[in-house]
Amino acid sequence: MSIGIADIAVYLPRARLERSTIAAAHAWAVPGLKGRGKGQIAAANWDEDSVTLAHAAARRLSGDITGLQFCSTSMPFADRSHASLLVEALQLDPTTATQDSGASARAGTSALLCALRSGQQNAVVVAAEKRLAKPASEQEIGQGDAGVAVHCGEPALAEFIDGDTLATDFVDHYRAADSDFDYAFEARWVRDEGYLADLPAMIPQLLSRNDLEAGDVAQFVINAPARVRARIAKQAGLSNAATDSAVDGQVGDAGCAAPLLMLAEALGRAADGDLLIVGGFGQGVDLMLLRATARRPTAFADALAAGASDDNYLRYLSHRGLLQMDWGKRAERDVRTAQSAYYRARDQVSGFVGGRCTACGTVQYPRTRACVNPDCRTFDTQVPHPFADLTGTVKSFTEDWQAYSPAPPLLYGNITFEGGANIFMQFTDTASGELGVGDSVSMQFRIKDIDRNRGFQRYFWKAVPVREH
């Protein structure tokens, strides 16, 4: 049985910050940014991070999952298994093999290449980034946030043919362990001594080893600037390979998720039998040679279409913790987590699993000994009932401008579900005046709050309006 890419899923934050907004904000100090003010970057909400972005992508996959590898250079914890948290939030079998990988912009491609080479059926590689950048830097106007999940197995989308890896300590940028921001080196030097030093030779070697010609390649993607990507292809002899990508102008550089994001886009436009070369760059190079099947996934196009333009630069800075707002005394409350209570109820908290009464069929959250149906009230009849994939309806809601929220107003209310459940929840990815009673909402795994005194953040589920693209 051949191994390949069985499925691919993409999640992009709803907000797409206009690059022109960033450039205009800094025109007084860095007028040179104006020339880079075209297009958008995908900008995560305050309650999104690389874990929630990864979860939003991975939950869109189909098929069984027996292994999960989480890849990111912007993990929220230095010492915690994010992959294990994802297993619980996705309600996967606890025997699922887990691993976290980071420290390089090619962490995603390295993990995927390893899984494909070793023939790991039902292994998932999920890469996600929400990186910080100094205001007015080229990184700020160029970087975007995203999550991508790739399911390895029978090649429903693309067959894996071969791959190569070259490890070298070429430092194009770095971030020290105690720093929030990357330090990047001169772009021309990175282009000439990094991208162009090895890739133009590696690609023909990979093709020759598989009795293929450079002209046979239909698409070439790698996490490199558009002009550099085209130059690599030209020097490697990929005369027929398309190198353009909407990721450049409409998402931004998504770090280790970028090449997998481009892969999703490339598969969406590939014809049956097309050859694709996917590259990852970061302290070395990864190359994967794939052959597309007839099925064309819409994951990237759908995620791109779900965005909404945003021109509020100060909100963007605040959501990333780069602008210290005075939220008043209501923001000073302690949000310490009772770890023992959380652990005992983790399937309900992380997995959003409630209960269903086997006597009357009523569903409820949270799960308790007693059924909430007043006509039933039986004890110890509930079985686990997942709510994460259910669509709810807004029964009531409040826009609270007095309570603390990093994105005021604080929106909360009652959500009803088929089967009788009525749950009091927060809303996210919606603004004042947008929500209405009777609206349909989906459930999303997000950051609930942040305990800044102890350096811990809690995750839970929130309601997001269902929108037509």
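The values are calculated or read from the model by the stated rules, or taken from the named source; none is laboratory data. Computed from a prediction, not measured in an experiment: that's the story for all the values here. Cβ coordinates were reconstructed from backbone atoms using ideal geometry, including for glycine residues, and neighbour counts include every protein chain displayed.
Figures for the structure shown
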item	result
Failed condition for Phe460, given (1) aromatic (Phe, Trp, Tyr); (2) surrounded by 14 or more Cβ atoms within 10 Å (Cβ to Cβ); (3) more than 22 Å from Ala57 (Cα to Cα)	(3)
Residue match in the stretch 240-251 (condition: at pLDDT 95 or above, more than 21 Å from Gly35 (Cβ to Cβ) and among the hydroxyl-bearing types (Ser, Thr, Tyr))	yes
Residue check, Ser104 closer than 19 Å to Val247 by Cα and touching a helix residue (DSSP H, G or I) at 6+ places or on another chain (Cβ under 9 Å)	no
Verdict on Leu323 being closer than 27 Å to Val228 by Cα and either in contact with a Pro (Cβ under 9 Å, 6 or more places away or on another chain) or surrounded by 13 or more Cβ atoms within 10 Å (Cβ to Cβ) (or both)	no
3 or more residues assigned by TED's automatic domain parsing to the domain that holds Leu260, crowded, with 21+ Cβ neighbours inside 10 Å and touching a Ser or Thr at 6+ places or on another chain (Cβ under 7 Å): qualifying helices (runs of 4 or more DSSP H) within the stretch 1-109	82-89
Every pair of residues 6+ apart whose Cβ atoms lie under 8 Å, when the first sits in the stretch 159-185 and is closer than 18 Å to Pro204 by Cα and surrounded by fewer than 17 Cβ atoms within 10 Å (Cβ to Cβ) while the second is among the basic types (Lys, Arg) and at pLDDT 95 or above	Asp162/Arg209
Flag for Ala156 being at pLDDT below 95 and among the aliphatic types (A, V, I, L, M)	yes
Thr368 vs. criteria over 25 Å from Asp400 (Cβ atoms), touching a Gly at 6+ places or on another chain (Cβ under 9 Å) and of a type outside the set (Lys, Arg)	yes
Set Ala218, Ala224: member being crowded, with 17+ Cβ neighbours inside 10 Å, part of a loop (DSSP other than H, G, I, E, B) and small (Gly, Ala, Ser)	Ala224
Options Pro366, Pro406; residue that is part of a loop (DSSP other than H, G, I, E, B), within 30 Å of Gly328 (Cβ to Cβ), touching a helix residue (DSSP H, G or I) at 6+ places or on another chain (Cβ under 9 Å) and not small (Gly, Ala, Ser)	Pro406
Extreme residue, farthest from Ser84 (Cα to Cα), among residues of the stretch 116-130 that are buried (at least 24 other Cβ atoms within 10 Å of the Cβ) and touching a strand residue (DSSP E or B) at 6+ places or on another chain (Cβ under 8 Å)	Leu116
Failed criterion for Asp334 (all others in (1) touching a strand residue (DSSP E or B) at 6+ places or on another chain (Cβ under 7 Å); (2) part of a loop (DSSP other than H, G, I, E, B); (3) touching a residue at least 12 places away in the same chain (Cβ under 8 Å) hold)	(1)
Residue, surrounded by the most Cβ atoms within 10 Å (Cβ to Cβ), within the stretch 341-362, restricted to residues that are modelled with pLDDT under 95 and among the aliphatic types (A, V, I, L, M)	Val349
Which listed residue, of Thr391, Thr378, is surrounded by 14 or more Cβ atoms within 10 Å (Cβ to Cβ) and of a type in the set (Val, Ile, Thr)	Thr378
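Per-residue answers, yes or no, for (1) within 18 Å of Ile65 (Cα to Cα); (2) in the same structural domain as Ala176 (by TED's automatic domain parsing); (3) under 17 Å from the mean Cα position of the chain (by Cα):
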position: Ala111; (1), (2), (3): yes, yes, yes
position: Gly119; (1), (2), (3): yes, yes, no
position: Val124; (1), (2), (3): yes, yes, yes
position: Ala127; (1), (2), (3): yes, yes, yes
position: Leu132; (1), (2), (3): no, yes, yes
position: His151; (1), (2), (3): yes, yes, yes
